[in-house]
Amino acid sequence: PVGSFDEALAGRIAGVQVTSADGQPGVTMDITIRGANSLTQSNAPLYVIDGFPIEDMDNASINPEEIESINVLKDASATAIYGSRGANGVIIIETKKGKAGKPVITINSSLGFQQTQKRMEMMSPYEFVKYQLEISELQSNFVAKQLYTPADLPTTNALYDPNGRTLEDYRNMKGTDWQDLIFRNSLMQNHNLAIRGGNEATKYSISGSVFDQAGIILNTGSRRYQGRLSLDQTISKKLKVGLTANYSENLRYGQTVN
């Protein structure tokens, strides 16, 4: 289960690089086809969704469950069809449509957890105080030998015994690992509901989804509400009318890492 289709493409197609600037929940992935073609302009490919070219698209606006197929044009075939707009490659997306027959109700739901894989090993209170006292002693020796003046040295708070404590008093003292207060095991859930059906003349597809990802850092996360309506009407042998409407609300909260 992924929040957007670009995450599902990572590492699956030769010549297509999917990267992220950081691990922020809901961050937009950068897709580059056959490497960067420009130093100053965008290297993003052209997206064609159900036949409609779209530039600078937010990939999270499309529910991955709604995608029927993805085709990537990487070579001269892209520019031959779409001109200069396809110079960075083309990603063609076909979404799911209604089919003739009884209504089909599809429910998809997933639930998962995320956590940090590796944390920094922190000093104990005893190790930290000892380290700071050693720095203070080293600075004092520099001043005594007139290698530096006090103004040249960084300011260090060497007072660790406001209550008459000694270094040994910190040996069995329990410290605070601030990583425990910043990180958490976060919940990620994705729920999808779709109804598709129709007859030979009219075919319809109605779907909605909720994606909620809490970040492993407190007060960070991403939430998306998405709805899609597709209607195909055959009026005559020579005339067919189609309607597609997509609504997406993306909320990303938390301090931006970069």
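Surface exposure of the chain, expressed per residue as accessible area with a 1.4 Å probe, stands at 65 Å². Of 81, 217, 70, the residue with the greatest mean-square motion in the GNM of the chain, using alpha carbon springs below 10 Å, is 81. Under a 5 Å amide H cut-off, with hydrogens placed 1.01 Å from N, residue 54 pairs with 47, 48, 49 among residues at least 5 apart or on other chains. Charge dipole (Cα centre; +1 on Lys/Arg Cβ, -1 on Asp/Glu Cβ; no other charges) of the chain amounts to roughly 1240 debye. Projecting the Cα positions of 242, 25, 64 onto the charge dipole of the chain (unit charges on Cβ atoms of Lys, Arg, Asp and Glu, taken about the Cα centre) puts 242 furthest along the positive direction. Taken one residue at a time, the phi angles of region 35-51 give Karplus couplings (6.51, -1.76, 1.60, θ = phi - 60°) of x, 6, 9, 9, 8, 10, 9, 5, 9, 6, x, 8, 9, 10, 10, 6, x Hz. Gly and Pro are set to x.
By the rule of a C-alpha distance below 25 Å, with chain neighbours fewer than 8 residues away ignored, the lysines paired with residue 74 are 96. Each label point was placed 7 Å from the Cα along the Cα-to-Cβ direction; for residue 71 and residue 178 their separation is 5.4 nm.
Whole-Hz Karplus values for region 223-235 come out as 9, 9, 10, 9, x, 9, 10, 10, 9, 10, 10, 8, 8 Hz, taken residue by residue from phi with 6.51 cos²θ - 1.76 cosθ + 1.60 and θ = phi - 60°; glycine and proline positions read x. Largest mean-square fluctuation among 238, 99, 74, in a Gaussian network model of the chain whose springs join Cα atoms under 10 Å apart, belongs to 238. The convex hull defined by the C-alpha atoms of region 1-58 has an orientation-averaged projected area of 4.9 nm². Against the criterion of solvent-accessible heavy-atom surface with a 1.4 angstrom probe, 138, 133, 39 sort, most first, into 39, 138, 133. Taking all protein chains together and rolling a 1.4 Å probe, residue 119 ends up with roughly 100 Å² accessible. Computed from Cα positions, the angle between helix 125-144 and the longest principal axis of the chain comes to roughly 60 degrees. What the phi angles of region 196-213 give under the Karplus curve with 6.51, -1.76 and 1.60, with θ = phi - 60°, is a coupling list of 9, x, x, 10, 5, 9, 10, 10, 9, 8, 10, 8, x, 8, 10, 10, 10, 10 Hz, glycine and proline written as x. Using only the C-alpha atoms, the convex hull of the chain corresponds to 197 Å³ per residue.
The values are calculated or read from the model by the stated rules, or taken from the named source; none is laboratory data. Just so it is clear, the structure is predicted and the values come from calculations on it, not from any experiment. Neighbour counts are summed over all protein chains in view; Cβ atoms, including those assigned to glycine, are modelled from backbone coordinates with ideal geometry. In case anyone asks, the SASA skips ligands and DNA or RNA and just uses the protein heavy atoms, side chains included. Shrake-Rupley method; radii C 1.70, N 1.55, O 1.52, S 1.80 Å.
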